[in-house]
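Worksheet for the structure shown next.
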Amino acid sequence: MDTIALQPAKAGAATRRVLVTGGSGFIGQHLVEALRHRHHVRVLDLQPPEDLQQPQQSPSEFIEGTVLEPRDLRRALAGVDTVYHLAAIPHFWTPDVEDFARVNHHGTELLLDAAREARVGTVVHCSTEAILFPPTGANSEIPDRVEDMPGPYTRSKFMAEQAALAAARDGMRVVIASPTIPIGPGDRNITEPTAMLSMFVRRPPPLVLDASLNLVDVRDAARGLILAGEFGRSGERYILGGENVSVRELVRWVGALCGRKTTAHALPGPAALAIGVAAEWFANSVIKRRPQVSAEAVRVAMRSIPLDISKAEIELGYAPRPIDNALAEVVALLKRGEAMHGAVTSRSLHERSDMQV
């Protein structure tokens, strides 16, 4: 495990020492950028931050390590006041399906145990909106059983959230934040939202599953995590979203930003699921890399409903901006073949299966 000391926090400017697990990921790097102006920021990740070569934009300290290794956790948590736990496999597919439980669920349990031992004041657990949708045909209540989850990714994130809630009941200050679908620059690991937008830019599909999406500027999601740490109530969940939009509306929106008129017709759910099952089988059995769509992603989309962010607005002062600028920004980058500091190609979109652990 390597430790790299970067620029020291300015005297009097860092009011707290904070740890960001998974701080080199999409939301993580924006969270680090927002935190570093006021705090001493330590990042625990397997890969260094993107801006390591630009110290003015880097965290105060980078530790190469994983939440699965207790020694790494003890070192990363030393002297820390607040932890933002983002380390996870963020995709719906991974070559070894057991990695979801190992990283997302067990990794969270290890982090919470180590934070308790280190007497950390606050843990902000970054969950996901994907576990909030009720099973198809059910009422609008948020599912409360792991059996109701649509696949291994959501099961692992559901169990991770349950571990966070249990820690809160045991007396730790643990706040849960659930970003919706983040969009914006800096997605070097090519998460599903960026892959979807890239497809809409390059060759928009004539048929789409017309699900409901809640899109949020990634910088607002990062800001919401900070607000959750500062003002959130322990044991409570805050949805950090932006605007609700249908997939068909998004296809037309992206088309307009590309200077063309694009129309997508609705694909029936069962047909979309059959495509997802076939694509996932082909990924698992033949190409051994992330499919363009997975069965679990389709199941989540089939359950999707508009999300209410009023609790975060009222209790945290969360105020997301309209997504117009973020969408235009990422579409412009994708049109140029860029994500942030690297090329986005049709091949790279399906080869990357990075994890921040």
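The values are calculated or read from the model by the stated rules, or taken from the named source; none is laboratory data. None of these values were measured; they are calculated from a predicted model. Virtual Cβ from ideal backbone geometry, glycine too; neighbours counted across all protein chains shown.
The residue list Ile190, Ile176 contains one member that is closer than 30 Å to Leu111 by Cα and either in a strand (DSSP E or B) or aromatic (Phe, Trp, Tyr) (or both), which is Ile176. Would you check which residues across the range 251-307 are closer than 19 Å to Phe92 by Cα and aromatic (Phe, Trp, Tyr) and list them? Result: Trp281, Phe282.
Of the set (1) out of contact with any helix residue (DSSP H, G or I) (no Cβ under 6 Å at 6 or more places or on another chain); (2) in a helix (DSSP H, G or I); (3) farther than 30 Å from Lys288 by Cβ; (4) of a type outside the set (Val, Ile, Thr), all apply to Arg102 but (3). Evaluating Val357 against the criteria (1) modelled with pLDDT of 90 or more; (2) closer than 30 Å to Gly232 by Cβ leaves one unmet condition, (1).
The lone criterion from (1) part of a loop (DSSP other than H, G, I, E, B); (2) at pLDDT 95 or above; (3) of a type outside the set (Val, Ile, Thr) left unmet by Lys157 is number (1). Within the range 162-177, no residue that is under 11 Å from Thr122 (Cβ atoms) and of a type in the set (Val, Ile, Thr) sits with its Cβ atom under 8 Å from a residue that is modelled with pLDDT under 95 and in a strand (DSSP E or B) at 6+ positions apart or across chains. Quick check on the range 283-302. Is at least one of its residues at pLDDT below 95, surrounded by fewer than 20 Cβ atoms within 10 Å (Cβ to Cβ), polar (S, T, N, Q) and not in a loop (DSSP other than H, G, I, E, B)? Yes, the range 283-302 contains at least one residue that is at pLDDT below 95, surrounded by fewer than 20 Cβ atoms within 10 Å (Cβ to Cβ), polar (S, T, N, Q) and not in a loop (DSSP other than H, G, I, E, B). If I filter the range 13-32 down to residues being touching an Asp or Glu at 6+ places or on another chain (Cβ under 8 Å) and in a helix (DSSP H, G or I), which single residue comes out as surrounded by the fewest Cβ atoms within 10 Å (Cβ to Cβ)? Looking at residues that are touching an Asp or Glu at 6+ places or on another chain (Cβ under 8 Å) and in a helix (DSSP H, G or I), I get Gly28. Taking the range 201-273 as the region of interest, the strands (runs of 3 or more DSSP E) fully inside it that hold 2 or more residues being under 23 Å from the mean Cα position of the chain (by Cα) and of a type in the set (S, T, N, Q) are 212-217, 243-246.
Among residues of the range 239-254 that are over 16 Å from Ala266 (Cα atoms), none has a Cβ under 6 angstrom from a residue that is of a type in the set (D, E, K, R) and buried (at least 18 other Cβ atoms within 10 Å of the Cβ) at a sequence gap of 6+ or on a separate chain. Closer than 30 Å to Ala34 by Cα, crowded, with 17+ Cβ neighbours inside 10 Å, out of contact with any helix residue (DSSP H, G or I) (no Cβ under 9 Å at 6 or more places or on another chain) and not β-branched (Val, Ile, Thr): does that describe Gly241? So Gly241 fails the test.
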